[in-house]
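The block underneath contains the structure these notes are about, expressed in structure tokens.
The values are calculated or read from the model by the stated rules, or taken from the named source; none is laboratory data. A quick note: this is a predicted structure, and the numbers were derived from the prediction, not measured. All Cβ positions, glycine included, derive from the backbone under ideal geometry; neighbour counts span all protein chains shown. Surface accessibility is based on the protein's heavy atoms, side chains included, excluding ligands, DNA and RNA. Shrake-Rupley method; radii C 1.70, N 1.55, O 1.52, S 1.80 Å.
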Amino acid sequence: MIEVININKTFGDNQILKDVSATFEKGKVNLIIGQSGSGKSVLAKCIVGLHEVDSGQVLYDGRDFTKMDRLQRKDIRKEIGMLFQGSALFDSMTVEQNIMFPLTMFTKMTRKEMQERVDFCLERVNLAGRNKLFPAECSGGMQKRIAIARAISMNPKYLFCDEPNSGLDPQTSILIDNLIREITHEYEITTIVITHDMNSVIEIGESVIFINQGQNWWQGDRKSIIMTDNKEINDFVFASDFMKEIKETLKKH
Ligand SMILES: Nc1ncnc2c1ncn2[C@@H]1O[C@H](COP(=O)(O)OP(=O)(O)OP(=O)(O)O)[C@@H](O)[C@H]1O
């Protein structure tokens, strides 16, 4: 579980996060949603320590990240898998070399152990045997799955995904969403996904935090976010007819 308690973050005169508190649960996909510029990425960067918070706490299973020194933070970072926007694979490396990258950086695994780990992770994302391909030889959906394989190669306790569906067609988006959900449940990972995709809210939003202008307006599950009367949430969530239809359907049940 990751807990964020009253965090504040300012750039110059611009306060981006104001007393944001949220709980991201273990074994669940926790979504961060909100308008463009509302502070979703800044919040995620504060959680992983890419930005320092001005005040407040970030607890990884009770361990206060904000009070840790560099070495202690490094230990936590080893437990975090990251899925960046795009796929962020290294173009000059094969699929296998990409997945091995964090293993060579952070573990003392032998070549054989790394090889086995790569095979296991590729199998898990349904890409067994694609070890020697280069990213340019893979489709966008495959690249995303390779990035997921790399993110889980270190057996992470925590998984951060920034817009995992960006640039994907609807069918591939659902595939990636399902994979993220399965992996989260299977390995009991605390997963945080930043998304704009309302389809993902319906598919995988077991817990959803809605950020509005740097404040945590609301946290709940996918059904309650659709049923709430909160105006800011409704303006965001029901911008599309697709979501209005879902609300009507849910009301009938
Ligand atoms: N390093 C930085 N220095 C100064 N301002 C920043 C920095 N990073 C983000 N901001 C500002 O913080 C605000 C929130 O940005 P953030 O990237 O978190 O938005 P977001 O909700 O993730 O948006 P989007 O959905 O468009 O990615 C924006 O006004 C942005 O300009």
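Taking the criterion of being in a helix (DSSP H, G or I), open to solvent by 20 Å² or more (accessible area, probe 1.4 Å) and in contact with a helix residue (DSSP H, G or I) (Cβ under 7 Å, 6 or more places away or on another chain), the only residue of the stretch 77-95 that qualifies is 78. If you go through the stretch 201-241 and pick out every residue that is among the hydrophobic types (A, V, I, L, M, F, W, C) and open to solvent by 40 Å² or more (accessible area, probe 1.4 Å), you end up with 5.
Here's the yes/no breakdown for (1) of a type in the set (A, V, I, L, M, F, W, C); (2) near the ligand (Cβ under 9 Å from one of its atoms):
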residue	(1), (2)
12	no, yes
17	yes, yes
20	yes, no
28	no, no
32	yes, yes
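No other residue among 74, 108 is more than 16 Å from the ligand (Cβ to nearest atom) and assigned to a loop (DSSP other than H, G, I, E, B) apart from 108.
Looking at residue 174, is it aliphatic (A, V, I, L, M) and at pLDDT 85 or above?
Values: aliphatic (A, V, I, L, M): yes; at pLDDT 85 or above: yes.
So residue 174 passes the test.
Taking the criterion of being free of Cβ contacts under 8 Å to residues at least 60 places away in the same chain, assigned to a strand (DSSP E or B) and open to solvent by 30 Å² or more (accessible area, probe 1.4 Å), the residues of the stretch 1-23 that qualify are 3, 5, 6, 10, 11, 14. Taking first residues from the stretch 114-125 that are in contact (Cβ under 8 Å) with a residue 12 or more places away in the chain and partners that are in a helix (DSSP H, G or I) and open to solvent by 50 Å² or more (accessible area, probe 1.4 Å), the Cβ contacts under 8 Å between residues at least 6 apart in sequence or on separate chains come to 114/104. Quick check, is residue 216 at pLDDT 85 or above, within 13 Å of the ligand (Cβ to nearest atom) and over 16 Å from the mean Cα position of the chain (by Cα)? Judged against the criteria, residue 216 is not a match. Can you tell me which residue within the stretch 24-55, out of those that are crowded, with 23+ Cβ neighbours inside 10 Å and of a type in the set (Gly, Ala, Ser), is nearest to residue 208 (Cα to Cα)? Result: 34. Pairing each residue of the stretch 142-162 that is on the phi > 0 side of the Ramachandran plot with any residue that is open to solvent by 10 Å² or more (accessible area, probe 1.4 Å), provided the two are 6+ apart or on different chains, yields C-beta distances under 8 Å for 155/187.
What's the total number of residues in the stretch 39-55 that are free of Cβ contacts under 8 Å to residues at least 40 places away in the same chain and more than 12 Å from the ligand (Cβ to nearest atom)? Within the stretch 39-55, residues that are free of Cβ contacts under 8 Å to residues at least 40 places away in the same chain and more than 12 Å from the ligand (Cβ to nearest atom) number 1.
Here is a yes/no grid of residues against (1) more than 17 Å from residue 33 (Cβ to Cβ); (2) under 13 Å from the mean Cα position of the chain (by Cα); (3) open to solvent by less than 30 Å² (accessible area, probe 1.4 Å); (4) of a type in the set (Val, Ile, Thr):
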site: 138; (1), (2), (3), (4): yes, no, yes, no
site: 161; (1), (2), (3), (4): no, yes, yes, no
site: 165; (1), (2), (3), (4): no, yes, yes, no
site: 181; (1), (2), (3), (4): no, yes, no, no
site: 191; (1), (2), (3), (4): no, yes, yes, yes
